Amino acid sequence: MQARHSIPVLLTVVLAAALFLLPPIPQDEDYHAFADGRTLLGIPNCLNVISSAAFLLAGAAGLSCLARGVPPGAMPELMTACRIFFAGMLLIGMGSACYHLAPDNRSLVWDRLPMTLSFMAFFSVLLGEYVSARAGARLLWPLLLAGVLSVLYWWLTEQRGHGDLRPYVLVQFLPMVIMPLLLLFYKSPFGSSGWLWLVLVVYAASKLAELGDAFLFELTGIISGHTLKHVLAATGGLLFLGALYYRRRA
């Protein structure tokens, strides 16, 4: 059992070591050139700005529901992480809208910081639910700190002329390697992992939509991949809320 619980730790060490063998990864300036740059209703990059409101809705819905008490599909020890997840969603909506109004590295900081809060909080919940509630609760604050520091490190290195995204890449993608393994090889006290699989699948789809930004805009002429990314990622937050309310202890 203890050896099995060491798997996430070993993966973290191995993937972190592999990543930091690579040279520093600067921010690509083309990242800010989104496919849909239309100004509508006097709003530049209008649909990317407006679609950020999906995060506000998901965050507000989550915080409102959690204010009523511990839902049946949540562990009391992990409620702080759940609240931070939805608070992060609210902040993502604000940060994303501000970023898309004037996309550059400076505004991107405020887009990325709240992303790390929600992402690390969700990772903490899964660790707590599938490995150890105590470990998940205790790891919440170190994980949040790691997320925030990864963004600040990138920004400071950009300011010095040699930007390095490696810590941020680790924070973004290491959990995406570990979380499916948790769902596959560990057991939840709530039985089926269907809701959480949906969260991960929708989030993965949002990243694919982001990569296909220009392709989807050319295909539809209406909606770009980045706009769709916002909607899908916010939907993932609502699916997590569904998991908290519609699951029951096995």
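List of remarks:
- Segment 51-207: relative contact order as a whole-number percent, Cα under 8 Å and 6+ apart: 19 percent
- Cα→Cβ-extended label distance, 7 Å offset, between Arg134 and Thr220, nm: 4.8 nm
- The modelled label-to-label distance for the pair Tyr245/Ile43, using points 7 Å beyond Cα in the direction of Cβ, is 2.5 nm.
- Cα centroid separation, segment 148-164 to segment 172-194 (Å): 31 Å
- Ordered by the count of other Cβ atoms within 10 Å of each Cβ, fewest first, Tyr246, Tyr203, Tyr186 give Tyr246, Tyr186, Tyr203.
- Span-like helix criteria (full DSSP H runs; alpha carbon extent of at least 24 Å along the helix axis; mean Kyte-Doolittle hydropathy of at least -0.5) are satisfied in the chain by 79-101, 105-130, 133-159, 166-185, 194-211, 225-246.
- Between the C-alpha center of segment 5-66 and that of segment 219-250 there is a gap of 14 Å.
Every read-out reported here was derived from the displayed coordinates using simple, explicitly stated rules and does not represent laboratory data. Predicted model, so just to flag it, every value in this text is computed and none were measured. All Cβ positions, even for glycine, are placed from backbone atoms using ideal geometry, and neighbour counts span all protein chains on display.
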